[in-house]
Structures are given as C-alpha cells and as structure tokens.
Amino acid sequence: MTSTPTVGIVGAGQLARMMIEAATPLDIPIRLLAASPTDGAARIWPHVDIGLPKSTEDLHRFAQTCDVITFDHELVNLDAIRELEAAGKLVYPSSNSLLHAQDKLHQRTAFEALGLPIPPYRAVVTTEDITAFAADHGWPVVAKAQRDGYDGRGVWVLDGPDDAAQLTADAATNGVKLLAERFVPIQQELAGLIARRPGGEFVTYPIVETVQRNGICHEVLVPAPVSEPIRRRAEELTVAVAEATGVVGIMALELFLADGELLINEIATRPHNSGHFSIEATATSQFENHLRAVIDWPLGSTRLRSPAAVMANLLGRGQNDVSPGVRSALTADDSEVHIHLYGKESRDGRKIGHVTALGDDLDQTRRRATKAAEELMVTTA
Ligand SMILES: Nc1ncnc2c1ncn2[C@@H]1O[C@H](COP(=O)(O)OP(=O)(O)O)[C@@H](O)[C@H]1O
Ligand SMILES: [Mg+2]
C-alpha cells in the first residue's frame, strides 16, 4: 500500500471519537461502523456505516470499504472477524488476540498456561460450584460474567451461599456464564499500556494507578506512586502479555497490587480509559499510537510532558447536562486542565467525558483534576 490505508473502526463510542481526533492531523482515512447515528463518534464524522458489530453481514459489508479493521470495543462477532481474516483482510487486533479480551475464562486459562500471575479462579454454574470454590479460597468470592461485562457490570462480590444462590439463579435465567475468582485484598490497582506493531516493535507508556469505586474507574494517577521494582515488574508483565497474545495496536493490562505482589486482572486490546491521560500528558497519545500500529507506521514517543498527570472520569448522575459546567470549568483559569466531552447522553454511572490535569506533583494535580470534574458535574435542573 502506498497511500495511507483506510482504517475501519468497529464501534463508534468515545474511543473511536478520540481515534478520529488523532487521525485528523495525520490525514489517516477513517470509516466507522456505528450502531446508531447518535453514537459519540458518529455524531462528529461523515464516513459512517450504520450496522451492528454482532452482524456478520454488516461487518462484511463494512470491511469492503476499509484496508484495515480495528475496534472501539470487543463486543463483536468473532466468527465474522475470522472469516474476514481468512479472506485476507487485515484485522488488528486479530481474532485470536481479541478473544482474550472478549472472554475472561479464555483469558485466564491462557494466562495460567503461560505461568502468568493471576488470582485463583474456576468456571462455575451452580451454587455448589461456588461454595466448593469458597471452601478452598474463602468468602467473599468474586463472581464474573465470562463475557460482555464492562465498568463493573458483570462483577459481583458474593458474601455467602445466599448471594451465590441468587446469582446462579439469575445467571441461568439470563443465559450468563460465570467464573468465580478469589477476592483479592487490593492495595492499589495499576495499569500498563503498550502499543505494538505487526512485526513486534513496541513502545510502553508509564505505569499508572487506577482508582476504582464499585468496579468503575474514577481516576488515573500518572506516574503510578509505586516502588521502582513494582513499576518494572508491571512493565515486564505488560510486555510479556502483549507478546503472548500477539496483540497489534494498543493493549492495556489491568493489575492488582496485593501483599506486595502484582496479579493480572484483565486485558483490553484497544485504547483504554487508563490511557486517556496520554492525549495531553505524553508526546504521542494512545489513540495516535493505536492507529500508527494498526497501519504499521513508526510508533511515537511515550515520554511524559509533565512530572505528573491526573485523569478524572466524568460519570453521569442521572440525566445531568454537563454543558453549563464547561464554562465555569474553563473560567477557572487553569490552562493545564483539559476537558473532553464524549457527546453521549448521561445516565447514572455512565462515562460521559473526562478531564486531565497536568502538574508538578501528584497531590496538587489530583486536586485540580477533581475540582474541574466537580465543576463540570454541577447538576442543572
Ligand atoms: N478478584 C477480585 N478481587 C477484588 N476486587 C476485584 C476482583 N476482580 C475485580 N475486582 C474489582 O472490580 C473491578 C472490575 O473488575 P473487572 O474484572 O476489571 O471487570 P470489568 O470488565 O467490568 O472492568 C476491578 O477493577 C476491581 O476494582
Ligand atoms: Mg476491568
């Protein structure tokens, strides 16, 4: 290919929207497969096919208009993706890489076989399966949907057999497959981020701390306030997992620090919430490096532009409108606080935007990010 390849993004949420923002200065042609014209990225972009990521027909039709296929999320029809690969279409990340992100049980089985550190787990169906797991590992037990979970939807902390009975009954009714996992006494949650080209060349981003509440990421602290050996180990695991899963594009590795050791929680094979800070805080954003990786262009530097950065998510509170808050957040006269709104309708707990503050030290930067996020979230009647 001599001219710049056309990248087709399956899904049109905020990640696709931020990929478009990164593609524009480099004039990388982008097409979107959006479920609805009101999706965050579809609202700002003319080159949109309307179709479903689970529909073979929609995926095949869309693929004909693109040179490379990539993803905004992993909830796609993998059989259709495999057919595209068999027909010679470039798909990054590949169906094999994507399966790890799509299926938590597959991921754990693969990581266990590789000898990577993960919490003890077991596929479970019945209440007895869970109580047997608890007999080995104690209560509480963390139960997870094997597929389709995100932002803590699909994660349950079970305190005893009654909780387990309720969950297994609900799961059977809804056709949800479960796994049980040991409850980890988490000291800190960390994330590693890597961009990798088809030939294996890669760059890693600084290791970050993610602050989660109720299974959803609220803040990201950069660089992670951890010891040098932990930072190095987190980076080593990020590279090892990216190589083992053969991921092309961005991969994020979510990690738990517990009892002074790192355990792998899960991976995402696409740009990730824990990397949004990179838009302003590093020389090359995760979105730009994702695109550069999937079209096999040279990757950009991930050097930090400031000693500290904090990203705070804007999480919907009912149907609140953030637009009135933008003005007051902007007049706060803090030119190193950057606002990103995703053009999504607000719902309780939904990620509708984020802010990133840059600064000299983590505590002060965190206060500024929190203040800006609060100003934006002021609820209007
Ligand atoms: N085994 C565990 N022990 C304790 N907390 C956990 C465990 N697994 C997940 N969590 C908490 O729930 C959050 C969401 O879990 P995760 O498996 O990452 O689901 P999701 O796909 O929704 O991101 C984690 O970031 C962590 O805060
Ligand atoms: Mg997670």
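Dipole size of the stretch 188-376 about its Cα centre, with +1 on Lys/Arg Cβ and -1 on Asp/Glu Cβ: approximately 420 debye, rounded to the nearest 20.
Round to the nearest 0.05 the FRET efficiency obtained for residue 367 and residue 297 when R0 = 56 Å and r is the Cβ-Cβ distance. Taking R0 as 56 Å, the efficiency between residue 367 and residue 297 is 0.90. Near the amide H of residue 48, within less than 5 Å, lie the amide hydrogens of 32, all on another chain or at least 5 residues away, with H placed in the peptide plane.
Determine Rg/Rh for the stretch 250-339; Rg is computed over alpha-carbon atoms and Rh is the Kirkwood hydrodynamic estimate from the same atoms.
Ratio of gyration radius to Kirkwood radius for the stretch 250-339: 1.04.
In order along the stretch 232-242, the Karplus-derived 3J(HN,Hα) couplings, from 6.51 cos²θ - 1.76 cosθ + 1.60 at θ = phi - 60°, round to 5, 5, 5, 5, 4, 5, 4, 5, 4, 5, 4 Hz, and Gly and Pro are given as x.
Each residue, residue 214 and residue 330, gets one label point 7 Å from its Cα in the Cβ direction; the gap between the two is 3.1 nm.
Taking a Cβ cut-off of under 13 Å around residue 38, the surrounding Lys, Arg, Asp and Glu residues balance to a net charge of +1, with basic ones at +1 and acidic ones at -1. Rounded, prolate or oblate: which fits the chain, taking a ≥ b ≥ c as square roots of the Cα gyration tensor eigenvalues, rounded meaning a/c under 1.5, else prolate when a/b beats b/c? Note, shape of the chain comes out rounded. In order along the stretch 246-252, the phi-based Karplus estimate (6.51 cos²θ - 1.76 cosθ + 1.60, θ = phi - 60°) of 3J(HN,Hα) comes to x, 5, 10, x, 7, 10, 10 Hz; Gly and Pro are listed as x. Full extension of the chain segment joining residue 125 with residue 109 gains 4.1 nm, where the gain is 0.36 nm per residue of separation less the Cα-Cα distance.
Our note on the geometry: Cα centres of the stretch 337-378 and the stretch 1-29, 25 Å apart.
Residues whose amide H comes within less than 5 Å of that of residue 90, counting only those at least five positions distant or on another chain, are 69 (H built at 1.01 Å from N in the peptide plane). Note on the chain: with charges restricted to the Cβ of Lys and Arg (+1) and Asp and Glu (-1), its dipole about the Cα centre is near 560 debye. Computed over the stretch 6-127, relative contact order equals 22 percent, with contacts defined as Cα pairs under 8 Å that lie 6+ residues apart.
Taking GluC sites (Glu not before Pro) across the stretch 307-374, the ones in a DSSP loop with at most 13 further Cβ atoms lying within 10 angstrom of their Cβ are 345.
With a ≥ b ≥ c the root eigenvalues of the C-alpha gyration tensor of the stretch 131-192, is it rounded (a/c under 1.5), prolate (a/b larger than b/c) or oblate? Oblate is the answer for the stretch 131-192, as a/c is 1.5 or above yet b/c matches or exceeds a/b. Reducing the stretch 65-85 and the stretch 191-210 to their Cα centroids gives an inter-centroid distance of 22 Å. Taken along the Cα-to-beta-carbon direction at a fixed 7 Å, the label points for residue 87 and residue 132 span 4.4 nm. On a per residue basis, the convex hull of the C-alpha atoms belonging to the stretch 152-248 measures out at 138 Å³.
Taken along its principal axes, the alpha carbon cloud of the stretch 188-376 reaches lengths of 47, 41, 31 Å, longest axis first. Full extension of the segment from residue 261 to residue 21, taken as 0.36 nm per residue of separation minus the current Cα-Cα distance, would add 82.6 nm. Comparing 16, 234, 172 in a Gaussian network model of the chain, where Cα atoms under 10 Å apart are tied by springs, the biggest mean-square fluctuation is seen for 172.
Would you compute, from DSSP H runs of 4+ residues alone, the mean residue ellipticity of the chain at 222 nm, taking -39500 (n - 2.57) per run and dividing by the full residue count, rounded to the nearest 500?
Mean residue ellipticity, 222 nm, calculated: -10000 deg cm²/dmol.
Charge tally for residue 120 (other residues, Cβ to Cβ under 11 Å; Lys, Arg +1; Asp, Glu -1): 0. When the Cα atoms of the stretch 1-120 are aligned to their principal axes, the ranges along those axes come out at 46, 29, 29 Å in descending order. The modelled label-to-label distance for the pair residue 184/residue 244, using points 7 Å beyond Cα in the direction of Cβ, is 1.3 nm.
Can you tell me the dipole magnitude for the stretch 1-119 around its Cα centre, using point charges on the Cβ only (Lys, Arg +1; Asp, Glu -1), in Debye to the nearest 20?
120
Note that the stretch 157-169 has calculated 3J(HN,Hα) couplings of 9, 9, 8, x, x, 5, 4, 5, 5, 4, 5, 5, 5 Hz, one per residue in order, obtained from phi through the Karplus relation 6.51 cos²θ - 1.76 cosθ + 1.60 (θ = phi - 60°); glycine and proline are x. Relative to the current alpha-carbon distance between residue 150 and residue 56, full extension at 0.36 nm per residue lengthens the span by 31.5 nm.
Since every read-out is calculated from the coordinates, none of them should be taken as a lab result. Quick caveat: nothing in here was measured; it's all calculated off a predicted structure. No Cβ is skipped: glycine too gets one built from the backbone with ideal geometry, and neighbour counts run over all protein chains shown.
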